[in-house]
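J.: Before we start, here is the structure in question, set down as structure tokens.
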């Protein structure tokens, strides 16, 4: 890949491998807290932005005609990483309204636990 150093190419390769699916394939490859945090950020981006089309994110307004749409709002997210555990704060009402994302986040918590990192999401029930 022209324009990238060998180190940057390696990091892009690592992120590409880690962005979806199980984390078991990443054992021995994430050698720093920075690598772990980058993988988590990318995996969360994939969960929250899983639509692949470029259409505006809209949903039908329940009190109007189907043709009228309101913007689809992503939740406000606050996140931090202690080096061994991820902490995310999300709006629990938003999670209730987005059950597929809720389920994906629950699965992500399990993936990180099996990989040896904690993940706490406030607002995430069950």
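Each value in this text was obtained by applying a stated rule to the coordinates, not by laboratory testing. As the structure is a prediction and not an experimental result, all values here were calculated from the model. Cβ coordinates were reconstructed from backbone atoms using ideal geometry, including for glycine residues, and neighbour counts include every protein chain displayed.
J.: I'd like the FRET efficiency for residue 1 and residue 25, computed as 1/(1 + (r/R0)^6) with the beta carbon distance as r and R0 of 30 Å, rounded to 0.05.
T.: Given R0 = 30 Å and the Cβ-Cβ separation, E is 0.90.
J.: Also, quick follow-up: Assuming R0 = 30 Å, what is the FRET efficiency of residue 96 and residue 42, from their Cβ-Cβ distance, to the nearest 0.05?
T.: 0.75
J.: Quick one: order 36, 109, 46 by neighbouring beta-carbon count within 10 Å, fewest to most.
T.: So the residues, fewest neighbours to most, are 46, 109, 36.
J.: What nm distance separates the two modelled labels at residue 32 and residue 107, each placed 7 Å from Cα along Cα→Cβ?
T.: In this crude spin-label approximation the distance works out to 3.1 nm.
J.: Next question, about the same structure. What full-extension length gain, to one decimal in nm, is calculated for residue 9 and residue 84 as 0.36 nm per residue of separation minus the Cα-Cα distance?
T.: Gain in length upon complete extension: 24.4 nm.
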